[in-house]
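Below: one structure, written as structure tokens.
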Amino acid sequence: LQAILDVAVFRKLAVPGQPHLTMGVIVSGGARYLNKEVINQTRVTRKQFDTVFNSEIMELQRRERLYRVNRELTDISYATVMLVDDGMTSIDTIYSVAMALRAKHPKRIVAALPVAPIDAAVRLGEAVDDFECVYSPADFQSADQYYKSFDEVEEKTAGELYLRVVSGQVAHAR
């Protein structure tokens, strides 16, 4: 693609007591998206929100120090941004990240996934300009069912791989 490779760290803001329900996200560079409908429906108080937000800001900053190692975040204004994930089980996270990045005024946002539900493009709606997916089975239930191994990559390993790729030490990542 001859594109700049960068990582935008994000943290999901989960509804207190409901870790799989997203009330928003925060992203590297100060971008954020709040799902006010979820916040109102679940009656999240300002104090509860602030507690979750402050905790996730601290974690976002910790991970940025680990992955970025004092590298500046690439300016995405007027650029095409490609969001890549290992598969989409929950629409709300990738939707929220895309909506948060919209505040940085990219030219386009493309979501690229190896596997996702058949209706993923429709469900992402206005959050992305284009959606590319290798496989969208009708019986999709979760991304991990399409991998031989779906183990999490350790933080240290992910940070080291990212730094090797952006410094040109690796021609491509696995």
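Numbers below:
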| read-out | value |
| --- | --- |
| Checklist (1) touching a residue at least 60 places away in the same chain (Cβ under 8 Å); (2) under 25 Å from residue 159 (Cα atoms) applied to residue 62, failing item | (1) |
| Flag for residue 134 being outside any loop (DSSP other than H, G, I, E, B), exposed (fewer than 14 other Cβ atoms within 10 Å of the Cβ) and either touching an Asp or Glu at 6+ places or on another chain (Cβ under 6 Å) or among the aliphatic types (A, V, I, L, M) (or both) | yes |
| Selected residue (criterion: modelled with the lowest pLDDT) from residues of segment 153-174 that are open to solvent by 100 Å² or more (accessible area, probe 1.4 Å) and not in a helix (DSSP H, G or I) | 174 |
| Filtered residues of segment 50-82 (kept if among the hydroxyl-bearing types (Ser, Thr, Tyr) and surrounded by 11 or more Cβ atoms within 10 Å (Cβ to Cβ)) | 51, 55, 67, 74, 80 |
| Given (1) under 27 Å from residue 61 (Cβ atoms); (2) open to solvent by less than 30 Å² (accessible area, probe 1.4 Å), number of the condition residue 115 does not satisfy | (1) |
| Cross-chain or 6+ apart pairs with Cβ under 6 Å, segment 1-22 first and under 13 Å from residue 59 (Cα atoms), then assigned to a loop (DSSP other than H, G, I, E, B) and hydrophobic (A, V, I, L, M, F, W, C) | none |
| Top-ranked residue in segment 83-101 [being surrounded by fewer than 17 Cβ atoms within 10 Å (Cβ to Cβ) and not acidic (Asp, Glu); ranked as farthest from residue 162 (Cα to Cα)] | 90 |
| Tabulated pairs, segment 89-103, first among the aromatic types (Phe, Trp, Tyr), second surrounded by fewer than 18 Cβ atoms within 10 Å (Cβ to Cβ) and not in a loop (DSSP other than H, G, I, E, B), C-beta under 8 angstrom, 6+ apart or interchain | 95/123; 95/125 |
| Unmet criterion (only one of (1) in contact with an Asp or Glu (Cβ under 9 Å, 6 or more places away or on another chain); (2) exposed (fewer than 14 other Cβ atoms within 10 Å of the Cβ)) for residue 47 | (1) |
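Residues checked against (1) closer than 14 Å to residue 98 by Cα; (2) in contact with a Cys (Cβ under 9 Å, 6 or more places away or on another chain); (3) assigned to a loop (DSSP other than H, G, I, E, B):
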site	(1), (2), (3)
111	yes, yes, no
124	yes, no, no
138	no, no, yes
141	no, no, yes
145	no, no, no
148	no, no, yes
151	no, no, yes
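Table: residues versus (1) under 22 Å from residue 127 (Cα atoms); (2) more than 20 Å from the chain's Cα centre (by Cα).
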| position | (1), (2) |
| --- | --- |
| 8 | yes, no |
| 12 | yes, no |
| 15 | yes, no |
| 22 | yes, no |
| 27 | yes, no |
| 35 | yes, no |
| 40 | yes, yes |
| 44 | no, yes |
| 48 | no, yes |
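The values are calculated or read from the model by the stated rules, or taken from the named source; none is laboratory data. Quick caveat, the model's predicted, so the values are computed rather than measured. For neighbour counting, all protein chains shown are included, and Cβ atoms are generated from backbone atoms with ideal geometry for every residue, glycine included. We work out accessible area using only protein heavy atoms, side chains counted, and drop any ligands, DNA or RNA first. Shrake-Rupley method; radii C 1.70, N 1.55, O 1.52, S 1.80 Å.
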